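The values are calculated or read from the model by the stated rules, or taken from the named source; none is laboratory data. Since we're looking at a predicted model, the values are computed, not measured. Cβ: placed from backbone, ideal geometry, glycine included. Neighbour counts: every protein chain shown.
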Amino acid sequence: MAFDVDISPMSIDRLRAVLSPDQIEAFDRGAEEARELLGGRVVWNVNSTARGGGVVELLQPLVAYARGAGVDARWVVIEGPAEFFELTKRIHNRLHGVEGDGPLDDSARRLYELVLQHNLDELAERVREGDVVIVHDPQPSGMIEALAARGASVVWRCHIGLDLPNEITRETWDFLLPYVRHADAYVFSRESFAWEGLDRDRIVVIPPSIDPFAPKNEELSPNTVRDVLRASGLISDGDDPGPVTFERQDGTPGRVERRAHLTEERPLGPDDPVVLQVSRWDALKDPLGVIRGFAEHVAPATGAHLVYAGPDVEAVADDPEGARMLREARALYAELPAEQRARMHLATLPMDDLEENAIIVNALQRHARVVVQKSLAEGFGLTVSEAMWKGRPVVASRIGGIQDQIVHGESGLLLDDPTDLAAYGAAVTELLNDPARATAIGERARERVRERFLSARSLLDYLALMRKLVRAPDAVAADASVVKQAVAHPGAAGR
Ligand code: UDP
């Protein structure tokens, strides 16, 4: 039960290269303060998976940079039987307002508590008084009270965001509140995602960030972009690019050698203008709307091609939703008139080597003239920050955290109604037809990400939170003690 993820430290020095002088100064001060404040303490991160998903993407660089700054940050993954993860998936779906495959009743609660108790048996004795524990998402939240009882400061980091909670969401909050409310602070990606029923004073907003040096975001020269896209079969100009190598995060060499699977009439040429959406095959990413809107409103008005790139779902046996959505996308493609089909490329990207996959996504994003994120619901949208960092003009739905990422008309274009295909088509066409504006928006997009959405920013945000928790626990936990007292001795809180 529960295992450690081994994370090699990454030097924070390299972050300097992408920060402004003011940011470098704040960052250097922060690193020094972090060492002083957190010396002798462990900063634990607890979540439920070491592979795949946005949380892993976020956590990996933050833990690595914290270690590089001299902080003893660690990452522990809880384990459990399949029924536990079925239950936590149900909780996840219900938090998004979807009924799912069963109730959250007493037997669900017993299973949840039992599995977390097993995990706690090992973890609790490693956590010392004065440590900080960041518990990620609902899966491990049932451990918060016991970890706090060890004398640690406990932060609950909720990565899930929903604009409009419904009754099912609220019922699910009720199931989880008895666990999460014991935390000293609750971190959400935006203010409006904070759950009802939590003490407002302990709510902290920290938007997700991207690592500029991850394979997904690192600089690639135009030649490398072209070679990666040729090697993975996404563009073709008749030449064999030969092997394309890249440096893995651990310093060892990697090679782009697997090919994407493409549904297309003919391969993209190197100079075909590309409009791109990178997303899982998920109804909430609206692949059908992205395809139909492009076919009806962009293809006739421009010479551009659409690439919708998602992960290879055929390899993922436990994602029937992804496979179904991909089938539907292919069926829609097959129905399109030939001249529209000729401008469509549905790509499933190889997932066997996640760093190879990341380099391909990176190259695609850099190659695109316009990047689209026409989601119907989105907590944050890492793909939006990824594309903005690469100086791409993004057209995205005005929903969830995307509203914080893009300032409409300045650092991207926001779609008021994500289901309005004509408006989506018009925004994309506008940027394709006005390269100077597209470039200006792309430049401001990169600056916006530099200012707010890089790992350095998140590290400083977490440091500010820890300063409050570690230096003056009473300041943040004043209300917490009242709540805890009220739980331990009902009626005592008002005395
Ligand atoms: N992604 C990827 N390969 C794919 C599709 C998506 O690496 O084929 C990545 C994407 O670049 C981003 C993450 O998966 O880093 C998706 O995060 P986002 O917040 O955009 O959406 P989510 O999938 O978490 O809803």
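The set of residues in the range 189-231 that are away from the ligand (no atom under 15 Å from the Cβ) and among the hydroxyl-bearing types (Ser, Thr, Tyr) comprises 192, 221, 224. The strands (runs of 3 or more DSSP E) found entirely in the range 304-416 include none that carry 3 or more residues being near the ligand (Cβ under 9 Å from one of its atoms), in contact (Cβ under 8 Å) with a residue 60 or more places away in the chain and of a type in the set (S, T, N, Q). Considering only the range 241-283, state which residues are in a loop (DSSP other than H, G, I, E, B), within 16 Å of the ligand (Cβ to nearest atom) and in contact with a Leu (Cβ under 9 Å, 6 or more places away or on another chain). 258, 259, 260, 281, listed by residue number.
Across the range 167-207, the qualifying residues are those that are touching a Gly at 6+ places or on another chain (Cβ under 7 Å) and among the aliphatic types (A, V, I, L, M), and the one among them that is nearest to residue 452 (Cα to Cα) is 177.
Test residue 283 against the criterion of being at pLDDT 95 or above and among the small types (Gly, Ala, Ser), and give yes or no. In short, no.
When the range 62-104 is examined, which residues are found to be in a helix (DSSP H, G or I), within 21 Å of residue 156 (Cβ to Cβ) and under 18 Å from the mean Cα position of the chain (by Cα)? If the condition is that a residue be in a helix (DSSP H, G or I), within 21 Å of residue 156 (Cβ to Cβ) and under 18 Å from the mean Cα position of the chain (by Cα), then 62, 63, 89, 92, 93, 95 are the ones that fit. The single residue among 224, 263, 245 that is more than 21 Å from residue 423 (Cβ to Cβ) and without any contact (Cβ under 8 Å) to a residue 12 or more places away in the chain turns out to be 245. Filtered by the rule that a residue be touching a strand residue (DSSP E or B) at 6+ places or on another chain (Cβ under 7 Å) and surrounded by 15 or more Cβ atoms within 10 Å (Cβ to Cβ), the range 1-39 gives 2, 5, 7, 18. Flag: residue 54 matches the condition of being within 26 Å of residue 311 (Cα to Cα), within 16 Å of the ligand (Cβ to nearest atom) and at pLDDT below 95.
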